[in-house]
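Engineer: Handing you a structure now.
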Amino acid sequence: MDQPETQAEISPIDLRFSEEELEAEREHVQAFVRQQVETAGVDRVVLGLSGGIDSTLVAHLAVGELGPDAVHGLVLPGEVSDSENMSDAERVAEELQIEYDVLEINPIVDRLLDAYPEAEDDRMAVGNARARTRAVLNYLVANHENGLVLGTGNRTEAATGYFTKYGDGAVDCHPIGNLYKQQVRQLAAHLGVAEELVSKTPTAGLWAGQTDEEEIGVDYDTLDAIVALRIDGHLSTTATARICETSVETVERVVELNAKSEHKRHTPPAPEPLF
């Protein structure tokens, strides 16, 4: 029987860390979380648990540095949330022995649509409203508990703007914001996260049946490679397409996503002072 392909064999480029680098990265991210907490003078951290690998990894890293008593997870299901993902989110909280609450977002989103029913059939607008509702709840709990909100976005999503402005992008810090998706999976596996969580299909839970890769139009391994080579590495479009074994059009699409989402990666602009 043929051996299954490894991630290095199926990925356009191998971005994985060595074992030594993995442990150094774990220590680096955990020290970052500690520094953020101490600088802010808070008692604990709060994060949304989606059942996906990004939030699962952040939860593991936070517990590894701060201990379970200082981490509060929020499971925030809506009407389009996958029940399996919500079960996985609760499973992560229980395995880590952290406090967690399940807070339904439907009543809040419904009230928003009652106030402005014209948006009811706008899938993107309603999906973003769900993400922003989760952010409001994250901060409600964090403010009440004198805590920081930890983000769960990764480097690839940040580069392509694959997050909701003032939604999942509304956080106090991004502990895994320096990691490509491939590296997120690798570090999670290194910390003992179950394989079914490491390899599960990513979804933002914005609407029924939504998956990240289908919405973006590129698989994550290829997306990681394009971001690393073209966006972060400034390689030419043609060379990137050749190395990634993809089309020039796909690389150009990722470059366009990066350019159009530039505003998401900065605080709102203001004119330069005249005087």
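Quick note: the coordinates plus some simple rules give every number you see, no bench work behind them. Since this is a predicted model, take the numbers as computed values, not measurements. Using ideal geometry, Cβ is built from the backbone for each residue, glycine included, and neighbour counts are taken over all protein chains shown.
Engineer: Please state the relative contact order of the chain as a whole percent: Cα pairs under 8 Å, 6+ residues apart?
Structural biologist: 21 percent
Engineer: Also, quick follow-up: For the pair GLU252/ARG34, report the inter-label distance in nm, with labels modelled 7 Å from Cα in the Cβ direction.
Structural biologist: About 4.9 nm, to one decimal.
Engineer: With the chain treated as a Gaussian network of Cα nodes joined by springs under 10 Å, which of GLY217, GLY78, GLY127 yields the largest mean-square fluctuation?
Structural biologist: Taking springs between Cα atoms under 10 Å, the residue moving most is GLY217.
Engineer: Let me ask something additional. Identify the residues of segment 234-275 with backbone N under 17 Å of a label point that sits 7 angstrom from the Cα of GLU215 along the Cα-to-Cβ direction, or state none.
Structural biologist: Correct set: 254, 257-258, 260-262, 264-265.
Engineer: May I pose another question? When the dipole is taken about the Cα centre of the chain, and only Lys, Arg (+1) and Asp, Glu (-1) are charged at their Cβ, what size is it in debye, to the nearest 20?
Structural biologist: Roughly 880 debye for the chain.
Engineer: Run the quick spin-label model on ASP101 and PHE275: label points 7 Å from Cα toward the beta carbon, then report their separation in nm to one decimal.
Structural biologist: Using points 7 Å along Cα→Cβ, the separation is 4.8 nm.
Engineer: Which GluC sites (Glu not before Pro) in segment 74-111 sit in a loop by DSSP (not H, G, I, E or B) and have at most 15 other Cβ atoms within 10 Å of their own Cβ?
Structural biologist: Passing both the DSSP loop test and the Cβ count: GLU79, GLU104.
Engineer: Output the peptides 240-252, 140-152 sorted from most to least packed, where packing is the average of other Cβ atoms within 10 Å over each peptide's residues.
Structural biologist: In descending order of packing, they fall as 140-152, 240-252.
Engineer: Among ILE226, ALA24, VAL42, flag the residue with its Cα farthest along the positive direction of the charge dipole of the chain, charges on Cβ as +1 for Lys/Arg and -1 for Asp/Glu.
Structural biologist: Of the options given, the answer is VAL42.
Engineer: Still on this structure: Applying 1/(1 + (r/R0)^6) with R0 = 30 Å to the Cβ-Cβ distance of LYS260 and VAL136, what FRET efficiency is obtained, to the nearest 0.05?
Structural biologist: Rounded to the nearest 0.05, the efficiency is 0.70.
Engineer: Hey, can you rank 25-33, 107-115, 176-184, 164-172 by average C-beta count inside 10 Å, highest first?
Structural biologist: Going from most to least packed, we get 176-184, 164-172, 25-33, 107-115.
Engineer: I need the peptides 59-69, 264-274, 186-196 ranked by packing, meaning the mean over residues of other C-beta atoms within 10 angstrom, with the highest value on top.
Structural biologist: Top to bottom by mean Cβ count within 10 Å: 59-69, 186-196, 264-274.
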